[in-house]
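Novice: The structure follows.
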Amino acid sequence: MNAQTPDLTTYQGLLEAVTDAHSGWESKDPATGEVIGGVPQRSVGDLDAAVVRAREVQPAWAAKTHEERSAALNAAADAIEASAEALAELLSREQGKPLNGPNARFEVGGCAAWTRANAAFPIEPETLVDDDSGTAQLEWMPLGVVGAVGPWNWPMLISIWQIAPSLRMGNTVVLKPSEHTPLSVLALAAVMNQVLPEGVLQVLTGDGELGAALTSHEGFDKITFTGSVSTGQAIMRAAADNLTRLTLELGGNDAGIVLDDADPAAIAEGLFWGAFINTGQTCAAMKRLYVPDSLYDQVCEALVDIARQMPMGVGLEEQNVLGPLQNRSQYEIVARLVEAARSSGARILLGGDPDESQAGNFYPTTLVADVDDENPLVAEEQFGPALPIMRYSDLDDAVARANGVEVGLGASVWSPNIDRAREVASRLQAGTVWINKHGAIDPRVPFGGAKSSGFGLEFGVEGLKAVAQPRAISW
């Protein structure tokens, strides 16, 4: 390897490749406050140049066969795996999530797996008519240039959800990561760009001004976004003049419903990770739990027992499975919502008492009982390590309460009787309903929101179609 070329399989090499001495701002570790490195501040002029470059290289990329593009994606997955530990360390430092558990190493592994899955999905012409009247087929063509805006909670994996299907279908991609986790996404792109053709994947780091310029830019044929409802609404307004196609995966306030035949001890760990994966910083995490009166105390006790066993701390310490909140703004939201519950008379079963002298954005794992649906902790999306647990005596009422919010990303039903659970699932207004698990995604299974949780599908063949132009041919 040339001495001038950083070794992207090492943490220091990755850092050297993506940081900028003349930075726009510094990225800091949310667990310690330590400066990780400087982040390049790209301009609207840089965005214009990136779009021009993406348009220049797109026809040649689109001219490749699906097999050729799939081979490039598989090579990118190989590169991710070769740099997996370095990527996980950078991700842990910048996002805060621990290396172990369903966290940093898990996320990097997901990046490779999702890339390979998108390379493998079949996308053949669909025969619509084939009879005496003639034949008609539907085929899928590249759109052109896809602009992507990513979040800070799963910065690498959600970037892959935007990148991999777009590239597979012959599009080029210009991506702006969250300003909270820019180095993680720059590093992922640097690793992938070792093997991808130059210009097909570009990442530009910047602030909200750059994001607004991207979503209103006339040079994009499609915008994909994961984030808040309010930002999704702003993107729709920005994209309207250009009639830019959109896929929006927006906020959630997912409900879980435990049925009265469930075994509290058997489901407790599943309930815990459904709510507290990534320390609760997941759009499709369980944020409200409804439990029948007959099982309420048992479920609360079982959750407390499990939660006490889950160590929280600095992500690079191997024993930890829960970490800090990624940024102070989110910490303050969680603290405000827990205090709203406490002041209303809710019962704090565990947590709710952050150590303000501790470095970093650590909010303790918090379980709250005897809280009503109107309380802000229930009505708003907390996006952190605090779970409200509500009683119900009538299942129809629990379903109505679960459906009684404007968002509908995911939901779950917990029961050993699958037929009964499926009947309840069929009544829940959500893009995905899980049974005896929550938030378990699969690259083969389409994922998207209902109501204000957005529109458009990701994952699977449907995800490929979402970043392609359908064309019907009849003869």
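Novice: Please indicate, with yes or no, whether at least one residue in segment 139-150 is open to solvent by 30 Å² or more (accessible area, probe 1.4 Å) and out of contact with any helix residue (DSSP H, G or I) (no Cβ under 9 Å at 6 or more places or on another chain).
Specialist: yes
Novice: Then there's this: With respect to Ala421, is the statement that it is in contact with a helix residue (DSSP H, G or I) (Cβ under 6 Å, 6 or more places away or on another chain), crowded, with 17+ Cβ neighbours inside 10 Å and over 27 Å from Leu246 (Cα atoms) true?
Specialist: On the way: in contact with a helix residue (DSSP H, G or I) (Cβ under 6 Å, 6 or more places away or on another chain): no; crowded, with 17+ Cβ neighbours inside 10 Å: yes; over 27 Å from Leu246 (Cα atoms): yes.
Spelling it out, it is not the case that Ala421 is in contact with a helix residue (DSSP H, G or I) (Cβ under 6 Å, 6 or more places away or on another chain), crowded, with 17+ Cβ neighbours inside 10 Å and over 27 Å from Leu246 (Cα atoms).
Novice: Test each condition in (1) closer than 28 Å to Gly147 by Cβ; (2) open to solvent by less than 50 Å² (accessible area, probe 1.4 Å); (3) in contact (Cβ under 8 Å) with a residue 40 or more places away in the chain; (4) outside any helix (DSSP H, G or I) for Gly33 and report the one that comes out false.
Specialist: In the conditions (1) closer than 28 Å to Gly147 by Cβ; (2) open to solvent by less than 50 Å² (accessible area, probe 1.4 Å); (3) in contact (Cβ under 8 Å) with a residue 40 or more places away in the chain; (4) outside any helix (DSSP H, G or I), Gly33 misses (1) alone.
Novice: Could you tell me which residue of segment 67-101 is surrounded by the fewest Cβ atoms within 10 Å (Cβ to Cβ), considering only residues that are in contact with a strand residue (DSSP E or B) (Cβ under 8 Å, 6 or more places away or on another chain) and not in a helix (DSSP H, G or I)? Lay out the reasoning, then the answer.
Specialist: Of segment 67-101, the ones in contact with a strand residue (DSSP E or B) (Cβ under 8 Å, 6 or more places away or on another chain) are 90, 93-94, 98, 101.
Narrowing further to those that are not in a helix (DSSP H, G or I): 98, 101.
Details: Pro98: 29, Gly101: 21.
Only one residue tops the list, namely Gly101.
Novice: For residues in segment 267-299 being open to solvent by less than 10 Å² (accessible area, probe 1.4 Å), in contact with a helix residue (DSSP H, G or I) (Cβ under 9 Å, 6 or more places away or on another chain) and assigned to a helix (DSSP H, G or I), which is nearest to Gln95 (Cα to Cα)?
Specialist: Among residues in segment 267-299 that are open to solvent by less than 10 Å² (accessible area, probe 1.4 Å), in contact with a helix residue (DSSP H, G or I) (Cβ under 9 Å, 6 or more places away or on another chain) and assigned to a helix (DSSP H, G or I), the one nearest to Gln95 (Cα to Cα) is Asn278.
Novice: Now, a different point. State whether one or more residues within segment 221-231 are over 19 Å from the mean Cα position of the chain (by Cα) and not aromatic (Phe, Trp, Tyr).
Specialist: Among the residues of segment 221-231, at least one is over 19 Å from the mean Cα position of the chain (by Cα) and not aromatic (Phe, Trp, Tyr), which makes the answer yes.
So that you can scan it fast, the table gives a plain yes or no per residue for (1) assigned to a helix (DSSP H, G or I); (2) small (Gly, Ala, Ser); (3) farther than 22 Å from Gly463 by Cβ; (4) touching a helix residue (DSSP H, G or I) at 6+ places or on another chain (Cβ under 6 Å):
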site	(1), (2), (3), (4)
Ser178	no, yes, no, no
Gly199	no, yes, yes, yes
Glu209	yes, no, yes, no
Phe220	no, no, no, no
Thr231	yes, no, no, no
Leu243	no, no, no, no
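Novice: Do we find that Glu124 is open to solvent by 20 Å² or more (accessible area, probe 1.4 Å) and either small (Gly, Ala, Ser) or free of Cβ contacts under 8 Å to residues at least 60 places away in the same chain (or both) in this structure? Explain how you work it out, then say what you get.
Specialist: Working: open to solvent by 20 Å² or more (accessible area, probe 1.4 Å): yes; either small (Gly, Ala, Ser) or free of Cβ contacts under 8 Å to residues at least 60 places away in the same chain (or both): yes.
The answer is yes for Glu124.
Novice: Go through segment 436-475 and count every residue that is out of contact with any Leu (no Cβ under 9 Å at 6 or more places or on another chain), crowded, with 19+ Cβ neighbours inside 10 Å and at positive phi.
Specialist: Selection size over segment 436-475: 3.
Novice: Okay, next question. Residues to consider are Gly345, Gly351; find the one that is of a type outside the set (Ser, Thr, Tyr), open to solvent by less than 80 Å² (accessible area, probe 1.4 Å), at pLDDT 95 or above and in contact with a Ser or Thr (Cβ under 7 Å, 6 or more places away or on another chain). Even if it seems obvious, please write down each step before you answer.
Specialist: On the way: Gly345 fails: in contact with a Ser or Thr (Cβ under 7 Å, 6 or more places away or on another chain).
Going through Gly345, Gly351 in turn, the sole match is Gly351.
Novice: List, please: which pairs have Cβ atoms under 8 Å, are six or more places apart or on different chains, and start with a residue in segment 409-426 that is of a type in the set (Ser, Thr, Tyr) and end with one that is in a helix (DSSP H, G or I)?
Specialist: Listed pairs, sorted by first residue: Ser412/Gly274; Ser415/Ala421; Ser415/Val424.
Novice: Another question about this same structure. Could you tell me whether Gly109 is open to solvent by less than 60 Å² (accessible area, probe 1.4 Å) and assigned to a helix (DSSP H, G or I)?
Specialist: On the way: open to solvent by less than 60 Å² (accessible area, probe 1.4 Å): yes; assigned to a helix (DSSP H, G or I): yes.
Considered against the rule, which asks whether it is open to solvent by less than 60 Å² (accessible area, probe 1.4 Å) and assigned to a helix (DSSP H, G or I), Gly109 comes out as yes.
Novice: Pull out all pairs, ordered by first then second residue, where Cβ-Cβ is under 9 Å, the residues are six or more apart or on different chains, the first lies in segment 95-108 and is over 17 Å from Ser178 (Cα atoms), and the second is of a type in the set (S, T, N, Q) and open to solvent by 10 Å² or more (accessible area, probe 1.4 Å).
Specialist: Pro98/Gln319; Asn100/Gln319; Phe106/Asn100
The values are calculated or read from the model by the stated rules, or taken from the named source; none is laboratory data. These numbers come from a predicted model, not from an experiment. Because the Cβ atoms are built from the backbone with ideal geometry, glycine has one as well, and the counts that use them run over all protein chains shown. Accessible surface areas use protein heavy atoms only, side chains included; no ligands, DNA or RNA. Shrake-Rupley method; radii C 1.70, N 1.55, O 1.52, S 1.80 Å.
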